[in-house]
Amino acid sequence: QVQLVESGGGLVQAGGSLRLSCAASGTAVSDNVMGWYRQAPGKQRELVAAITRGGSTNYVNSVKGRFTISRDNAKNTVYLQMNSLKPEDTAVYYCNGRTLLTVYWGQGTQVTVSS
């Protein structure tokens, strides 16, 4: 059974930092394209950052230069380092893993940025 478990969310002031973690079991993060999505109230879920099996990364324009996605294969964990947080970054953040045949989601972690 595959599980993705997020942690690290919380309340932070604008300009602050948080690091989200996504611990995987039942699948190897290195075998998946791993991504972080977010969904704010009343908005569609959007892809924030992704890392491919080969280690290439991509980001939505609104977080470029502020967020960094990384992967620790030994810990089977994916991270999202979020710096210079803004109130508009407030959302539930979800970890996602996908291959050609499978898609996995975590339960989400709340990030709230106060102004």
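General observations
- Subset of region 6-26 (residues that are under 13 Å from Ser84 (Cβ atoms) and not small (Gly, Ala, Ser)): Val12, Gln13, Leu18
- Close contacts from region 50-76, counting a first residue that is in contact (Cβ under 8 Å) with a residue 24 or more places away in the chain and of a type in the set (Val, Ile, Thr) and a second that is open to solvent by 50 Å² or more (accessible area, probe 1.4 Å) and part of a strand (DSSP E or B), with Cβ to Cβ under 6 Å and a gap of 6+ residues or different chains, come to Ile51/Thr57; Ile51/Arg71; Ile69/Thr57.
Residue-by-condition table, conditions (1) over 13 Å from the mean Cα position of the chain (by Cα); (2) of a type in the set (Ser, Thr, Tyr):
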| site | (1), (2) |
| --- | --- |
| Ser62 | yes, yes |
| Ser70 | no, yes |
| Gln81 | no, no |
| Lys86 | yes, no |
| Gly97 | no, no |
| Thr102 | yes, yes |
| Trp105 | no, no |
| Thr109 | no, yes |
| Ser115 | yes, yes |
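- Of the residues making up region 34-47, just one is surrounded by fewer than 19 Cβ atoms within 10 Å (Cβ to Cβ), of a type in the set (A, V, I, L, M) and part of a strand (DSSP E or B), namely Leu47.
- Leading residue by the ranking (farthest from the chain's Cα centre (by Cα)) among those in region 3-14 that are over 14 Å from Thr90 (Cα atoms) and either crowded, with 17+ Cβ neighbours inside 10 Å or modelled with pLDDT under 95 (or both): Leu4
- Among the residues examined, Ala23 qualifies as open to solvent by less than 50 Å² (accessible area, probe 1.4 Å), of a type in the set (A, V, I, L, M, F, W, C) and either assigned to a loop (DSSP other than H, G, I, E, B) or touching a strand residue (DSSP E or B) at 6+ places or on another chain (Cβ under 9 Å) (or both).
- Taking region 96-111 as the range and being surrounded by fewer than 15 Cβ atoms within 10 Å (Cβ to Cβ) and under 16 Å from Ser17 (Cα atoms) as the test, only Gln110 passes.
- Residue count for region 81-92, restricted to those that are open to solvent by 10 Å² or more (accessible area, probe 1.4 Å) and either under 17 Å from Ala40 (Cβ atoms) or not in a loop (DSSP other than H, G, I, E, B) (or both): 6
Quick grid of which residues meet (1) closer than 22 Å to Ser114 by Cβ; (2) open to solvent by less than 10 Å² (accessible area, probe 1.4 Å):
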position	(1), (2)
Gly16	yes, no
Asn32	no, yes
Ala49	no, yes
Asn58	no, no
Asn61	no, no
Asn76	no, no
Tyr79	no, no
Tyr94	yes, no
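The values are calculated or read from the model by the stated rules, or taken from the named source; none is laboratory data. The shown structure was predicted, so the numbers you read here are calculated from the model rather than taken from an experiment. Methodologically, a virtual Cβ is constructed for each residue, glycine included, from the backbone with ideal geometry; neighbour enumeration extends over all protein chains shown. Note: areas computed on protein heavy atoms with side chains; ligands, DNA, RNA excluded. Shrake-Rupley method; radii C 1.70, N 1.55, O 1.52, S 1.80 Å.
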